[in-house]
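Novice: Input: one structure, supplied below.
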Amino acid sequence: MPLPQDIRPAFQNIQDTLVRAEEPWTEQSPTSKMKVLWVSPDSSTWAVMIHWKKGHVARAHKHLGGAHVYIVSGKLQVRDETLNAGDYIYEPSGVLHDATTALEDTVYTFICDGSVLYFDDNNFTGYTNWETIAKLRDRGAMAKAAE
């Protein structure tokens, strides 16, 4: 029996986001690189794969939106917990972190519903949000095109 109305979305022909395995990683530092998977200006949500070399330390930070973390390989020290390959953690908005450390070379998926603020003992030192992630994605695309 046919449906009484056309329920296809108006944007039916828009391409879904597809990031192939061979897409390059964008280096952020000698011990950190990132692959941007998805950015949504509408919801301020962003998804990335992060690769940290053993010993990498992410400075203290605060989540201004919930975050999903899935450890693909390696091991992270997050507050009082050690996260291993296959572990998942959800961090609600407002979570405050001391430094996070890669105990091994580690790859993890990070999906964030807002901004992350970074700070030291004295000052606010920076932030990451959907716009900074989109710029990182665009920088990676430009580098790939230049090759």
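The values are calculated or read from the model by the stated rules, or taken from the named source; none is laboratory data. For clarity, every value in this text was computed on a predicted model and none was experimentally measured. For neighbour counting, all protein chains shown are included, and Cβ atoms are generated from backbone atoms with ideal geometry for every residue, glycine included.
Novice: Can you pull out the residues in the range 80-91 that are modelled with pLDDT of 95 or more, part of a loop (DSSP other than H, G, I, E, B) and loosely packed, with under 12 Cβ neighbours inside 10 Å?
Specialist: Within the range 80-91, 86 is the sole residue that qualifies.
Novice: Now, a different point. If residue 136 satisfies all but one of (1) in a loop (DSSP other than H, G, I, E, B); (2) closer than 19 Å to residue 35 by Cβ, what's the number of the condition it fails?
Specialist: (1)
Novice: Filter the range 125-147 for residues that are under 10 Å from residue 115 (Cα atoms) and charged (D, E, K, R) and give the result.
Specialist: Hit for the range 125-147 is 131, nothing else.
Novice: Being surrounded by 17 or more Cβ atoms within 10 Å (Cβ to Cβ), over 15 Å from the mean Cα position of the chain (by Cα) and not in a loop (DSSP other than H, G, I, E, B) is the filter here, so list the residues in the range 63-75 that pass it.
Specialist: 75 - this is the single residue of the range 63-75 that is surrounded by 17 or more Cβ atoms within 10 Å (Cβ to Cβ), over 15 Å from the mean Cα position of the chain (by Cα) and not in a loop (DSSP other than H, G, I, E, B).
Novice: Take residue 141 and decide whether it is modelled with pLDDT of 85 or more, hydrophobic (A, V, I, L, M, F, W, C) and exposed (fewer than 15 other Cβ atoms within 10 Å of the Cβ).
Specialist: No; evaluated as a whole, the condition is false for this residue.
Novice: Next question, about the same structure. Of the residues 93, 44, 40, 115, which single one is over 22 Å from residue 22 (Cβ atoms) and in contact with a helix residue (DSSP H, G or I) (Cβ under 6 Å, 6 or more places away or on another chain)?
Specialist: The unique qualifying residue is 44.
Novice: Okay, moving on. Which of the residues belonging to the range 97-111 are assigned to a strand (DSSP E or B) and modelled with pLDDT under 90?
Specialist: 97
Novice: Right, here's the next one. Hey, among 62, 75, which residue is among the charged types (D, E, K, R), over 18 Å from residue 126 (Cβ atoms) and in contact with a strand residue (DSSP E or B) (Cβ under 6 Å, 6 or more places away or on another chain)?
Specialist: Result of the check over 62, 75: 75.
Novice: Quick test for you: out of 114, 126, 94, pick the one residue that is among the small types (Gly, Ala, Ser), surrounded by fewer than 14 Cβ atoms within 10 Å (Cβ to Cβ) and either at pLDDT 95 or above or touching a His at 6+ places or on another chain (Cβ under 8 Å) (or both).
Specialist: Result of the check over 114, 126, 94: 94.
Novice: Let me ask something else. Here are some conditions: (1) at pLDDT 90 or above; (2) over 24 Å from residue 17 (Cβ atoms). Residue 133 meets all but one. Which one does it not meet?
Specialist: Failed condition: (2).
Residue-wise test of (1) small (Gly, Ala, Ser); (2) at negative phi; (3) in contact (Cβ under 8 Å) with a residue 40 or more places away in the chain.
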site: 43; (1), (2), (3): yes, yes, yes
site: 49; (1), (2), (3): no, yes, yes
site: 54; (1), (2), (3): no, yes, yes
site: 79; (1), (2), (3): no, no, no
site: 91; (1), (2), (3): no, yes, no
site: 94; (1), (2), (3): yes, no, no
site: 112; (1), (2), (3): no, yes, yes
site: 125; (1), (2), (3): no, yes, yes
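Novice: Sticking with this structure for a sec: Quick check, is residue 126 assigned to a strand (DSSP E or B) and out of contact with any helix residue (DSSP H, G or I) (no Cβ under 6 Å at 6 or more places or on another chain)?
Specialist: Considered against the rule, which asks whether it is assigned to a strand (DSSP E or B) and out of contact with any helix residue (DSSP H, G or I) (no Cβ under 6 Å at 6 or more places or on another chain), residue 126 comes out as yes.
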